[in-house]
Amino acid sequence: MSGGAGAGLPAPLGLLAELTHRCPLACPYCSNPLALEGRAGELDTAEWARVFAEAAALGVLQLHLSGGEPASRRDLADITAAAHAAGLYTNLITSTIGVTPARLEALRDAGLDHVQISIQDSLPESADHIAGYDGAHAHKLATARTATRLGLALTINAVVHRANIARLPELVALAAGLGAGRVEVAHAQYYGWALRNRAALMPTRAQVTTATAALADLRARYEGRLVIDAVVPDYYARRPKPCMGGWGRRSLNVTPSGRVLPCHAAETIPGLTFWSVREHSLAEIWARSPAFAAFRGTDWMQEPCRSCDRREIDFGGCRCQALAIAGDAAATDPACALSPLHATMLDLAAAAAAGEPPPYAYRGRQPKILERSQQT
Ligand code: SF4
Ligand code: FES
């Protein structure tokens, strides 16, 4: 695909359903927006069921039930059953808080295929501190074991940053011990909450170099047993990732109130208009929504992307990162060494990683771990 949307528009492969922004955890790199949507505006069960049927008709194969914490919704089993009935492969992305063994079994019986659990660290105390929730780590491990016992496929997601990146081998060993088939090592992405916490989260270049070498060893050690997915963090990369597989090319994000975004951070870009599933069908939104058209294909690109032979490989990188650093969502992602702002990005990383990290600005509320320590 080059140019804008048209007759040759490919079908999306995945849909991420943010069922709610409510979440018991308070991770300082949360991908939810700074202004969280409230419960009152959330789509109800029937509305989600319609979205899933429309997604399947559009060609979507994989559905990610996410949040916030999807288990904050009492109708999660009904939502899962609707997704299964639509023929979608269904992945639950969960903090596990609110997921009991009985509830997980009910979800499996409703048609859930896969569970993705994020682990904050291999050390319980550090993991709970990062999540802002006392006891979260132990609950995650127990739920991961329940998931594999129930025959659900399991992925462990580990967001790495300066506080835990040195324990990458321990994190991967933990995932293997829990019976995961896959571990995703994801560096914090600096938009929204993580941008606010950049100085607390940014690893040093030396930490990243050590972790990259460790990853090569880990892949060799676990070959055939555990798939390890990882990419170089943007701030230390020379070429950007094709964020979302290209804007408006592969996937859709639906917010709790039904607005459809090309990526989870798209609302940080001023001037975009997001259509809602309450007013339009998913097919209409995919084909004609102004937000999806804005950066689809290559016609919107500036130099150096416009004449670059990688423009249909990485699609110019991440629009939200271009906005955050260049102040222009149509600029070349500064993670690219060809961007005139690449050196600025390296300077930002070095400055953020220098010195003692500040305390986390936890997302959304006073975290449970602090509430408890203040009571004692
Ligand atoms: Fe990708 Fe643009 Fe960099 Fe070329 S200039 S490698 S298209 S980000
Ligand atoms: Fe929005 Fe990368 S997160 S395009």
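Quick check for me: using +1 on Lys/Arg Cβ and -1 on Asp/Glu Cβ, what's the dipole size of the stretch 249-376 about its Cα centre, in debye to the nearest 20? Could you put the intermediate results ahead of the total?
Numbers: 14 positive and 13 negative charges, 113 e Å.
The calculated dipole for the stretch 249-376 is roughly 540 debye.
Tally the DSSP beta bridges in the chain and give the antiparallel ones as a percent, rounded to 5.
Values: 3 of 35 bridges.
If I count the DSSP bridges inside the chain, around 10 percent turn out antiparallel.
Among 135, 215, 287, which residue has its Cα positioned farthest towards the positive end of the charge dipole of the chain, with +1 placed on the Cβ of Lys and Arg, -1 on the Cβ of Asp and Glu, and the dipole taken about the Cα centre?
It is 215, whose Cα lies furthest towards the positive end.
Among 344-351, 255-262, 294-301, what's the highest-first ranking by average C-beta atoms within 10 angstrom per residue? Don't jump to the answer; show the numbers that get you there.
On the way: 344-351: 16.1, 255-262: 23.4, 294-301: 19.4.
In decreasing order of mean packing, 344-351, 255-262, 294-301 become 255-262, 294-301, 344-351.
Ignoring any ligand, DNA or RNA, what whole percent of the accessible area of the chain comes from carbon and sulfur when the probe is 1.4 angstrom? Provide the component values of the computation, followed by the final result.
Details: 8400 of 15280 Å².
Result for the chain: 55 percent of the exposed heavy-atom area is carbon or sulfur.
Taking only C-alpha pairs under 8 Å that are 6+ residues apart, what is the relative contact order of the chain in percent?
Working: 739 pairs, mean separation 79.5, N = 376.
About 21 percent, as a whole number.
Any chance you could run the full-extension gain for residue 356 through residue 50? It's 0.36 nm times the residue separation minus the Cα-Cα distance, nm to one decimal. Please report the intermediate quantities before stating the final value.
Working: separation 306, 0.36 × 306 = 110.16 nm, distance 4.93 nm.
Full-extension gain reported as 105.2 nm.
Suppose R0 equals 41 Å. What FRET efficiency, 1/(1 + (r/R0)^6) with r the Cβ-Cβ distance, do residue 276 and residue 343 give to the nearest 0.05?
Values: r = 41 Å, r/R0 = 0.99.
According to the calculation, E is roughly 0.50.
Can you compute the FRET efficiency between residue 299 and residue 238 using 1/(1 + (r/R0)^6), with r the Cβ-Cβ distance and R0 = 22 Å? Round to the nearest 0.05.
Values: r = 26 Å, r/R0 = 1.17.
Approximately 0.30, to the nearest 0.05.
Can you compute the charge dipole magnitude of the chain about its Cα centre, using +1 on each Lys and Arg Cβ and -1 on each Asp and Glu Cβ, nothing else charged? Give it in debye, rounded to the nearest 20.
320
Rounded to the nearest whole Å², what accessible area per residue is found for the chain with the 1.4 Å probe? Intermediate values should be presented prior to the final figure.
Working: 15280 Å² over 376 residues.
Per-residue value: 41 Å².
Please compute the length gained on full extension between residue 309 and residue 222, using 0.36 nm multiplied by the number of residues separating them and subtracting their Cα-Cα distance. Working shown, then result.
Details: separation 87, 0.36 × 87 = 31.32 nm, distance 3.52 nm.
Result: 27.8 nm gained on full extension.
Going by Cα centres, the stretch 189-216 and the stretch 16-94 are how many Å apart?
Rounded to whole Å, the Cα centres lie 28 Å apart.
Beta carbons within 10 angstrom, averaged per residue: use that to sort the peptides 307-315, 145-153, highest first.
145-153, 307-315
Could you work out the equivalent-ellipsoid semi-axes for the chain, taking the square root of 5 times each eigenvalue of the Cα gyration tensor, largest first, in whole Å?
On the way: eigenvalues 171, 157, 79 Å².
Taking √(5λ) for each eigenvalue gives 29, 28, 20 Å, largest first.
Taking the simple approach of a point 7 Å from Cα along Cα-to-Cβ for both residue 126 and residue 145, what is their distance in nm?
2.3
Multiply the residue separation of residue 138 and residue 35 by 0.36 nm, subtract the distance between their alpha-carbon atoms, and state the gained length in nm to one decimal. Let's see the in-between values first.
Working: separation 103, 0.36 × 103 = 37.08 nm, distance 2.95 nm.
Length gained, residue 138 through residue 35: 34.1 nm.
For the stretch 175-307, what does the relative contact order come out to in percent, with C-alpha contacts under 8 Å and a separation of six or more? Don't skip to the answer; put the middle values down first.
Values: 114 pairs, mean separation 26.4, N = 133.
Relative contact order for the stretch 175-307 comes out at 20 percent.
The values are calculated or read from the model by the stated rules, or taken from the named source; none is laboratory data. Please read all numbers here as calculations on a predicted model, not as lab measurements. A quick note on method: Cβ atoms are made from the backbone with ideal geometry, for glycine too, and the neighbour counts reach across all protein chains shown. All accessible areas refer to the heavy atoms of the entire protein, side chains included, with ligands and DNA or RNA removed. Shrake-Rupley method; radii C 1.70, N 1.55, O 1.52, S 1.80 Å.
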